[in-house]
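Written below as structure tokens is the structure these notes are about.
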Amino acid sequence: MYTTFQFIHSYWAYLVLFIVLIATLNALAGLLGNKEYQPKDFRISLFALIVSHIQLLLGLVLYVISPLGLKSISSNGMGTVMKDSMLRLYAVEHITIMIFAVILITVGYSKHKKKLVSKPKFKTLSIFYTLALILMLSRIPWQQWFA
């Protein structure tokens with residue numbers, strides 16, 4: 001079960017990064033290009049919200065069943081985990097930052113829906129989705145992806 005969730009979580013992450021990048025670039029293009037907000041813009045931002053929430057759910061399950069997540073903290077102790085950069089990345093930093101990134105996507109999506117004009121919609125999406133993308137990129141375990 002662990003390897004299945006790890007496989008799905010790892011490969012779904014590519015889709016999440018791609019869609020969040022597309023949604024961010026779309027919002028920035030709409031903002032900087034003074035474009036009108038269209039149904040396709042809504043769908044792109046909604047799809048980024050959906051795939052990131054699915055990834056969060058997969059990640060939370062993986063965190064509980066993985067030897068590098070919650071089990072690492074309970075078996076090694078928080079002091080040991082915090083001293084080891086790899087254990088700290090998986091058990092503390094990755095999950096914390098990714099939760100914040102999904103919160104930013106969720107808040108940005110919710111706030112943009114309340115705006116009535118295109119420019120504020122794109123501005124809200126641009127800010128929140130860009131911050132979320134930066135956070136995501138900062139805490140991906142790159143050494144695992146390219147090993």
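Throughout, read-outs are computed from the coordinates displayed, never taken from laboratory work. All of these numbers come straight from a predicted model, not from anything done at the bench. Heads up, the Cβs are rebuilt from the backbone with ideal geometry, glycines too, and the neighbour counts pull from every protein chain shown.
Of all residues in the stretch 95-140, those being in contact (Cβ under 8 Å) with a residue 24 or more places away in the chain and in contact with a Phe, Trp or Tyr (Cβ under 7 Å, 6 or more places away or on another chain) number 8. Counting only helices (runs of 4 or more DSSP H) that sit wholly inside the stretch 37-113, those with at least 3 residues that are out of contact with any helix residue (DSSP H, G or I) (no Cβ under 9 Å at 6 or more places or on another chain) and exposed (fewer than 14 other Cβ atoms within 10 Å of the Cβ) are 39-65.
One residue alone among LEU49, LEU133, LEU31, LEU104 is closer than 17 Å to LEU17 by Cα and touching a Ser or Thr at 6+ places or on another chain (Cβ under 6 Å), and that residue is LEU133. Set side by side, the residues LEU62, LEU31, LEU17, LEU58 differ, and just one is over 19 Å from PRO141 (Cβ atoms) and in contact (Cβ under 8 Å) with a residue 40 or more places away in the chain, which is LEU31.
So SER138 ticks every box in (1) crowded, with 16+ Cβ neighbours inside 10 Å; (2) out of contact with any Gly (no Cβ under 8 Å at 6 or more places or on another chain); (3) hydroxyl-bearing (Ser, Thr, Tyr) but one. Which box is left unticked? Going through the list (1) crowded, with 16+ Cβ neighbours inside 10 Å; (2) out of contact with any Gly (no Cβ under 8 Å at 6 or more places or on another chain); (3) hydroxyl-bearing (Ser, Thr, Tyr), SER138 breaks only (1).
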